[in-house]
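The values are calculated or read from the model by the stated rules, or taken from the named source; none is laboratory data. Quick caveat, the model's predicted, so the values are computed rather than measured. Here Cβ is always computed from backbone atoms with ideal geometry, including for glycine, and neighbour counts include all displayed protein chains. All accessible areas refer to the heavy atoms of the entire protein, side chains included, with ligands and DNA or RNA removed. Shrake-Rupley method; radii C 1.70, N 1.55, O 1.52, S 1.80 Å.
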Amino acid sequence: MTTLRIDGRAACVPGSATILEAARGLGIEIPTLCHIPGLEAHGGCRVCMVEVEGSKTGFMPACATPVAEGMVVRTDSPGAVAMRKAVLEMILAEHPSDCFNCKKSGACALHEYCHIHGVVKVETGLEKKFRKPDVSHPFFNFDPDKCILCGKCVRTCESLQCSGVIGFAGRGRSARVAPDWGFSFGASSCVSCGNCVAACPVGALMPRERHFPGYSYVKRTRTICPYCGVGCSIELLTSGGRVVGVDPADGPANKGLLCVKGRFAYSFVNHPERLTKPLVRRDGVLVEASWDEALGRVVDAFLRTRDGKGPGSKAAEGEGEGAVPRGPHAIAGLSSARCTNEENYLFQKLYRLAGHTNNIDHCARLCHASTVTGLATTLGSGAMTDPIEGIDLQDVIFVTGSNTTETHPVIGSRIKRAVKRGATLIVADPRRTELAGLASIHLELKPGTNVALYNAMAAVIVDEELWNKEFVETRTEDFDSWAKALADWSPERGAEVCGVAAEDIRRAARLYAKAERAGIFYAMGVTQHSSGTDGVMCLSNLALACGKLGRPGCGINPLRGQNNVQGACDMGCLPGDLPGYRKTSDPAALAAFSEAWGVPLSSERGLTSTEILDRAAEGGIGFLHIMGENPVLSEPDSNHVLHALGKVGFLVVQDIFPTETSALADIVLPAACFAEKDGTFTNTERRVQRVRKALGAPGEAKEDLDILATILGRLGFSQTEAGKSADASASFDAVVSVDASASFDTVVSTDAGAVFDEMAALVPQYRGISYARLEGDGIQWPCPDASHPGTPILHVDRMTRGKGLFVHAAWHPPRESEDDEYPVVFTTGRNLYQYHTRTMTGRIDGLTRIAGEHYVEIHPETAALYGLAGGDRATIASRRGSLETIVRTRASVKRGVAFMPFHYAQAAANLLTNGLALDPMAKIPELKACAVRIGKADSSS
Ligand code: SF4
């Protein structure tokens, strides 16, 4: 530690600190226009000049000068201030003087510093004038006249985002910021993250938003990005009842960075197609109706299905018994990984409490059900073991089945930063993703061969005695039987199955095993297979064998897809799990929830989402409630889904926009989006974070919590304010009579905080968390009591299940392999610019401009084999359906493989995928591998 004095105050800081950092530690603000915390000092703007006693020149740039023992610094001496003013005057002399019209006003650092220092513009004739603004990018403009050449955008792009798109061109008065050495931003390789825009201290790089009134006139609400599971913190900027912008916030997951979706894809909030009134189906057509009628019909159908009767139910009258399926088995609900924890908790409570059913599921079935099952089996907890910041410590990073820079972009950038500082990257993926391009080893394996690859790597670790003997002995069980079972798995055999080089398997295994700190990151390229759970357990085996668990910079990290998919699982929106993963089959758990909610609960395991649809197709589902999901596009085999939903007795869809699924509904309930409600999301690293209401919902749309609580109230479960005791009589409604046998002990609140508190009291992992404690950076569960700080790293002293369990998994090929009739392996995924089924991102004009068109990616040689070239229209057919799409030839795709993003309704990739190939344990469908044939579309010519 080094001791120095700044403005007469003593500071004691690490010897590596700069004067700027030491001053900030004391709360002394030194102006700077070019400094980026966390990056090497740039020292370019010279606004941070301070007086340093005894230094050669007397003055030093605070951002670039390391502290020294006994140093005496004055930040406010007349000399330092004069020097700073001179620098500001020089910058201002070149800068346009139209602050009055500049929308950056209110957030412009130059403006602020000039104001503080009393610097006014002096006409010198040096002002940059009339260089043409670059308006080519869909989301932001660049005004070169306003650019002060501080280099923050260049260094942010190069060193934080790690895209390296922006540079400088020219010299002297001609010097300018230049994407890709001279292209416009729109024509460059810019990935539209907007991190350069956020870094710009002046109004040179500015978001393009018609309704943005300027920073001086916006309200800021700190909340969480509604897209992927990274859980980036954002500030929503609102004005006049609209979201008019997003600024990144310095949250724990993102440290001030965002991706294109989090930064720019917010205009869906105020989109004119938002659902604003309930819709009911009359004479086959969805028409607007009152909430009273819509909810009356919902409750009516619910009771009719559950009980076969419903006092006050007109629809039930005149119908013969057996005309529609009856009983709790015929009721089902699909919850939403986009909704808050509180909403998901109340959703499952509604169906368990009032429906006496565990037929509750959500989209985790399609992404990480195999993680929940696999890691729960081997470690006792199906969640990411390490914090995102653990990446910064890792020597080796093994990314498998994850196109991280597109699906979890902010984590992708963090991995790229780790590679820049010297970490070794290993990537296993059938495509040469951006990370694969940076990797020391790219294992370009055939889709569906993960288990073979991991077993072959494990065999190397066992054969070469690279495993961590102490860890294995003290922290694990069943090592010997597992190691024995690997005898069949030579790297040569792995190479043959996977289509990679045996030597690469050896190198990858050695690198991972020998690293001091190594982390595994995986996503749906591992989980969305009929062997998904096996793949997850095999990765767990690698981590256990090498002792890469329970300490910083290690771990096994499933990257969760949607913003709150971790939370929806935590909240018990699963057919066999109550909140907190307490099993419905566990009598003690069931008794605890029964007692808390005041009704007996069913112990019978419910149906998964795929099973619900299969049951529906057989005519066995009388009532299905889908909240914030679009299974017509997201579930495999779309034709089967359409058929199944068509046979549901009564379909309720609750969403923010009309979707392909809501088009089939009997009732559509308009809901509030993330910006219009309070609550919490739990991100991929188990961090529970506050979501805050920035504005009201449009029209008559209601918060999901309100809708669910009202339904519960109409079903006889009292709807009261938090803290008040339930009053059964108050919950009765004229529209529907109430099941007299229902218990009325349960408080059903529309207050998100009260719902959270109820949930936390029942869920051990959340027990110590409260809204008051979430005001800062959120808390990572488990957090067992109010004084517990949360748990960034799992399994530190013991695995959640006690000892880590080795489970050998035999490899089997995908259920549907390529053959003469269907010779190409078809795999699906996401791209950077779209999100899930495009309900939100499909309504963002800029994203449509960049990535609005569906496509298939094929290796040029594979394309040529079928007479196709880039830009052609191709027909792709599987045993379940066919579609037409545009061919993109990409050398980055393995030969014999076709990749298609599943986002686009116009060419729904899930028309082709195999809904019958399920993982036997997790029931996740094999979305990542089926067989197709490809040909030139008739319409191509
Ligand atoms: Fe949002 Fe994910 Fe992008 Fe972060 S990385 S801004 S959470 S979509």
Q. On the phi < 0 side of the Ramachandran plot, in contact with a strand residue (DSSP E or B) (Cβ under 7 Å, 6 or more places away or on another chain), at pLDDT 90 or above and among the aliphatic types (A, V, I, L, M), is that true of VAL81?
A. no
Q: Give GLY390, GLY422, GLY374, GLY380 a once-over and let me know the one that is open to solvent by 10 Å² or more (accessible area, probe 1.4 Å), more than 16 Å from the ligand (Cβ to nearest atom) and either in a helix (DSSP H, G or I) or under 30 Å from GLY194 (Cβ atoms) (or both).
A: GLY422
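Can you confirm whether GLY547 is under 19 Å from PRO328 (Cβ atoms) and in a loop (DSSP other than H, G, I, E, B)?
Working: under 19 Å from PRO328 (Cβ atoms): no; in a loop (DSSP other than H, G, I, E, B): yes.
In short, no.
Do we have any residue at all in the stretch 634-655 that's touching a residue at least 12 places away in the same chain (Cβ under 8 Å) and within 16 Å of the ligand (Cβ to nearest atom)?
So in the stretch 634-655, the residues touching a residue at least 12 places away in the same chain (Cβ under 8 Å) come out as 634-655.
Next cut, within 16 Å of the ligand (Cβ to nearest atom) only: none.
Within the stretch 634-655, not a single residue is touching a residue at least 12 places away in the same chain (Cβ under 8 Å) and within 16 Å of the ligand (Cβ to nearest atom).
Listed here are the residues, each with its yes/no results for (1) among the β-branched types (Val, Ile, Thr); (2) out of contact with any His (no Cβ under 9 Å at 6 or more places or on another chain).
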residue	(1), (2)
LEU393	no, yes
PRO409	no, yes
ALA436	no, no
SER440	no, yes
ALA456	no, yes
ALA459	no, yes
GLU464	no, yes
THR474	yes, yes
GLU477	no, yes
Q: Could you look through the stretch 584-606, keep only residues that are touching a helix residue (DSSP H, G or I) at 6+ places or on another chain (Cβ under 6 Å) and of a type outside the set (Gly, Ala, Ser), and pick out the one that is surrounded by the most Cβ atoms within 10 Å (Cβ to Cβ)?
A: LEU601
Q | Those strands (runs of 3 or more DSSP E) lying entirely in the stretch 654-723 with at least 1 residues open to solvent by 10 Å² or more (accessible area, probe 1.4 Å) and farther than 24 Å from LEU624 by Cβ | A | 687-691
Q | Filter result for the condition that a residue is crowded, with 24+ Cβ neighbours inside 10 Å and touching a strand residue (DSSP E or B) at 6+ places or on another chain (Cβ under 8 Å), over ALA907, ALA898 | A | ALA898
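Give ASP820, ASP872 a once-over and let me know the one that is farther than 23 Å from VAL526 by Cα and open to solvent by 50 Å² or more (accessible area, probe 1.4 Å).
Going through ASP820, ASP872 in turn, just one is farther than 23 Å from VAL526 by Cα and open to solvent by 50 Å² or more (accessible area, probe 1.4 Å): ASP820.
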Q.
Restricting to the stretch 1-49, count the residues that are in a loop (DSSP other than H, G, I, E, B) and of a type in the set (D, E, K, R).
A. 4
Q.
If a residue must be touching a residue at least 60 places away in the same chain (Cβ under 8 Å) and within 11 Å of the ligand (Cβ to nearest atom), how many such residues does the stretch 237-254 contain?
A. 3
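Tell me, which strands (runs of 3 or more DSSP E) wholly within the stretch 803-904 include 3 or more residues that are touching a Leu at 6+ places or on another chain (Cβ under 9 Å) and aliphatic (A, V, I, L, M)? Working first, answer last.
Values: elements: 824-829, 855-858, 873-877, 882-889, 897-901.
Fully inside the stretch 803-904 and qualifying: 873-877.
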Q.
Take the residues in the stretch 188-236 that are away from the ligand (no atom under 15 Å from the Cβ) and either in a strand (DSSP E or B) or among the basic types (Lys, Arg) (or both); name whichever of them is surrounded by the fewest Cβ atoms within 10 Å (Cβ to Cβ).
A. ARG210
Q. Considering VAL298, VAL287, VAL269, which residue is open to solvent by 40 Å² or more (accessible area, probe 1.4 Å) and modelled with pLDDT of 95 or more?
A. VAL287
(Q) On the basis of being more than 16 Å from the ligand (Cβ to nearest atom) and more than 29 Å from the chain's Cα centre (by Cα), does ASP845 make the cut? (A) no
Q) Could you list, in sequence order, the residues of the stretch 523-554 that are open to solvent by 10 Å² or more (accessible area, probe 1.4 Å) and of a type in the set (A, V, I, L, M, F, W, C)? A) MET524
Q. Has the stretch 84-92 got at least one residue that is open to solvent by 30 Å² or more (accessible area, probe 1.4 Å), assigned to a helix (DSSP H, G or I) and not hydrophobic (A, V, I, L, M, F, W, C)?
A. yes
Q) Taking the stretch 435-459, which residues are surrounded by fewer than 24 Cβ atoms within 10 Å (Cβ to Cβ) and more than 19 Å from LYS928 (Cβ to Cβ)? A) GLY437, LEU438, ALA439, SER440, ILE441, ALA459
Q: Determine, yes or no, whether SER159 is more than 16 Å from the ligand (Cβ to nearest atom), part of a helix (DSSP H, G or I) and closer than 18 Å to CYS34 by Cβ.
A: yes
